[in-house]
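Values in this text are rule-based calculations from the coordinates and carry no lab data. Note that the structure is predicted; figures quoted are calculated from it, not measured. Glycine gets a Cβ as well: all are built from the backbone with ideal geometry, and neighbour counts include every protein chain shown.
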Amino acid sequence: MDNPICFDIEIPARPEYLSLVRSLVVEAAELDTSLSQERVEDFKVAVSEATTNAIEAHARACRDESIQIRCTLTDSRLECHISDRGFGFYPDQVQVLPEPDDPSRLNFDRGLGIYLMRVLSDEVDIQTGPEGTKVSLAIRLSSGNAPSSPAPPERP
């Protein structure tokens, strides 16, 4: 593939559009036959988590604007970029929660989104500020480079 293939969509900041985003990820991933179904499903969850966070950011900011999603397929990777116009957040001020396998984690019904993005993607970049947040997620396409079970990220 000499030129990257890009898919761009804008969705209203409403949860009922998450299925459209998931479908976009699957369609983009299916253009590369080296990805296992499990890997595609994992990445779909990661992108869905980022999009859910963007939808919630718009709700908190009372924004009516669309959320932008771009999926790009190259020879070596599948990337998804999710951009919102919420208030942004300070990653160092995100509440540190117990590990997912810690029984006390059951006391929290939220807070796994960024963790899941990091576990289910090969690369995660979060750029945030008062004008919004852009989350970039990527998985490598070469089956030799993709871990079969990604190791959990180190916690801050």
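Between Ser23 and Asp101, what length in nm is gained on full extension when 0.36 nm per residue of separation is reduced by their alpha carbon distance?
25.1 nm
Determine which residues of the range 25-57 fall in the zone a paramagnetic label at Asp8 would reach in this model, i.e. backbone nitrogen under 12 Å from the point 7 Å along Cα→Cβ.
Of the residues in the range 25-57, none has backbone N under 12 Å from the label point off Asp8.
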